[in-house]
1. Could you grab the pairs with beta carbons closer than 7 Å, sequence gap of 6+ or different chains, first residue in the stretch 56-67 and farther than 17 Å from residue 27 by Cα, second one polar (S, T, N, Q) and near the ligand (Cβ under 6 Å from one of its atoms)?
2. Going through 9, 64, 60, 76 one at a time, which residue ends up being at pLDDT below 95 and either under 14 Å from the mean Cα position of the chain (by Cα) or within 16 Å of the ligand (Cβ to nearest atom) (or both)?
3. Which of (1) without any contact (Cβ under 8 Å) to a residue 12 or more places away in the chain; (2) more than 16 Å from the ligand (Cβ to nearest atom); (3) of a type in the set (A, V, I, L, M, F, W, C) is the odd one out, the single condition residue 180 does not satisfy?
4. Does residue 24 satisfy being away from the ligand (no atom under 14 Å from the Cβ) and not in a strand (DSSP E or B)?
5. Does the stretch 151-160 include one or more residues that are acidic (Asp, Glu), within 14 Å of the ligand (Cβ to nearest atom), in contact (Cβ under 8 Å) with a residue 60 or more places away in the chain and in a helix (DSSP H, G or I)?
Amino acid sequence: MKEELQDPSSKEQTAPLTPNPEIEVLSAQYIASAVREDQYPPEKLIEIAFVGRSNVGKSSLINSLCRRRGLARISSTPGKTQTLNFYQLEVRRAIERRQLFFVDLPGYGYAKRSQKKRTSWGQFIETYLTESQQLKMIFQLIDIRHPAMESDLQVYDWLIKCGLPVQVIATKADKLTKMAIIKQLQLIERQLNISQGQVIKYSSQKGIGRQEVLDVIDHILYYKNM
Ligand code: GDP
């Protein structure tokens, strides 16, 4: 019987070179701070906004996603910066490059609790969130060590009522044990009425969750595209 000769490398040759290419951040730079529309950057790029209570780890998360230590400021004075900060990123997936903006919103939760039915944000933030045509996703950050606070719930409800897409990210996951992480994620999901397994755990210090968040960005840029 004739034996079929097989080139041992033939399997590799027929497989795609990059079967599941991951998105990479090539560069990230600060572009503008804005409180009014005329101060927004003129380029029309997809925008992803980041919201969370002051001190939740928002700057650290933006820096860790971009792998740029000093990009977003790690604040020592919570709630001080009251501007929308735009960062322009270039990302690559296989050979396809795309540009987008990360929009860092001021931290909430420190304002006086006077306005009952409103978020504690300034009007310009609500205007941006409700009127931007480029805004495709809001990453809402919640500290994994605690239940979602009243201000987190209030902001989440408001975003959902506005019909905005929200991905919740639970920060500082390195501070808890594996068991405690599971418990806290379930608690936050119950509080927000989100189906189980939807909240992403993250640690800027350990890089936990980074790829998962990049996968969400990948989906927005390469699949849902405008
Ligand atoms: P922001 O006010 O939301 O921008 O929060 P920052 O990024 O400035 O972080 C607030 C504090 O939390 C800082 O002391 C950070 O070092 C710390 N922090 C942020 N992310 C993490 C994390 O993933 N793990 C740990 N252990 N600490 C973090």
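1. 56/171; 57/171; 57/204
2. Only one candidate qualifies: 76.
3. With respect to (1) without any contact (Cβ under 8 Å) to a residue 12 or more places away in the chain; (2) more than 16 Å from the ligand (Cβ to nearest atom); (3) of a type in the set (A, V, I, L, M, F, W, C), residue 180 is out only on (2).
4. Spelling it out, it is not the case that residue 24 is away from the ligand (no atom under 14 Å from the Cβ) and not in a strand (DSSP E or B).
5. Within the stretch 151-160, one or more residues are acidic (Asp, Glu), within 14 Å of the ligand (Cβ to nearest atom), in contact (Cβ under 8 Å) with a residue 60 or more places away in the chain and in a helix (DSSP H, G or I).
The values are calculated or read from the model by the stated rules, or taken from the named source; none is laboratory data. Nothing here was measured: the structure is a model prediction, and the numbers come from that model. Every residue, glycine among them, receives a Cβ derived from its backbone with ideal geometry; neighbour counts consider all protein chains shown.
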